[in-house]
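Right, one structure below, let's go through it.
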Amino acid sequence: MFLETICIKNGVAVSLEAHAERMRQTADRFGFTAPGLPCIESLLPGSLRDKKVKCSIGYRETIRTVRFVAYAPKRIRSLVLVEAEELDYSFKYSDRVQLEVLNKQRGERDEVLIVQNGCITDTTYSNVVFRKNGEFFTPHTYLLNGTKRQRLLRESIIKEADITVDNLHEYEHVYLINSMLDIEDGVGCPMKSILNSIII
């Protein structure tokens, strides 16, 4: 089964076409016809209509599950670099066991930053954006090409870059982005919180 995570702000679903397109691409790759998105806004419980809400949709040939939860971002004060050469998360699978195993390696840190062949990729639940001299860059070596990442690239808010373990010290700050998180939400940490960590 596959997963789509959609942000709802004050009762309005965000970037629905981008999510529908990813569902179509996933279905094409795995040989089935993508189901249409349900009318998410009409399904939203009244108690959540004035909140930022995470809508999680499980699907394959049909919509299997639709879940809503009020969203509160996880506080990130530190990241640890973790090697995961064999990990493939190019599609948004509902099975996150491999990612959860990786995250258990974080120790006292808040989250892991996944490294493949010396290149920075993503955290277990987000793409990443690095700030340098007032500009924003994202690794071209992502695991999952998230909808927020794609939009920020289209709008030239961020640029792709070759970001590796060896050049991390050139950056000042890292931000986590996904369908629920924007750069301006400020979820991330200074680079020193990563540079002081040990690669497992």
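Where a number appears in this text, it was derived from the coordinates with a stated rule and is not lab data. Since the structure is predicted, the reported quantities are computational estimates derived from the model, not experimental observations. Glycine also receives a Cβ, built like all others from the backbone with ideal geometry; neighbour counts cover every protein chain displayed.
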Problem - Low-density loop cleavage sites - trypsin sites (Lys or Arg not before Pro) in segment 117-200, where at most 13 other Cβ are within 10 Å (DSSP) - result: none
Completion exercise
log10 I(q)/I(0) for segment 2-70, Debye formula on C-alpha points only (no solvent), q = 0.15, 0.16, 0.21, 0.29 Å⁻¹, two decimals, reads -0.45, -0.51, -0.81, -1.33
Problem - Where GluC sites (Glu not before Pro) fall in DSSP loop in segment 127-183, at most 11 other Cβ within 10 Å - result: Glu155
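Can you tell me the relative contact order of segment 43-200? Whole percent, Cα pairs under 8 Å, sequence separation 6 or more. Walk me through the intermediate numbers first.
Numbers: 278 pairs, mean separation 35.9, N = 158.
Relative contact order of segment 43-200: 23 percent.
So if each residue of separation counts as 0.36 nm, and I subtract the Cα-Cα distance between Lys192 and Arg154, what length gain in nm does that give?
Details: separation 38, 0.36 × 38 = 13.68 nm, distance 2.95 nm.
The span from Lys192 to Arg154 would gain 10.7 nm if fully extended.
Semi-axes, largest first, in whole Å: what does sqrt of 5 times each Cα gyration tensor eigenvalue give for segment 103-192? Walk me through the numbers before you get to the answer.
On the way: eigenvalues 66, 44, 36 Å².
Here the semi-axes work out to 18, 15, 13 Å.
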Handout entry: the chain - Debye-derived log10 I(q)/I(0), Cα point model, q = 0.08 Å⁻¹
Key = -0.27
Exercise for the section: Using Cα pairs closer than 8 Å and at least 6 residues apart in sequence, work out the relative contact order for segment 2-70, in percent. Expected result: 40
Exercise for the section: Rounded to the nearest Å, what's the spacing between the alpha carbon centres of segment 132-162 and segment 97-112? Just the number, please. Expected result: 23
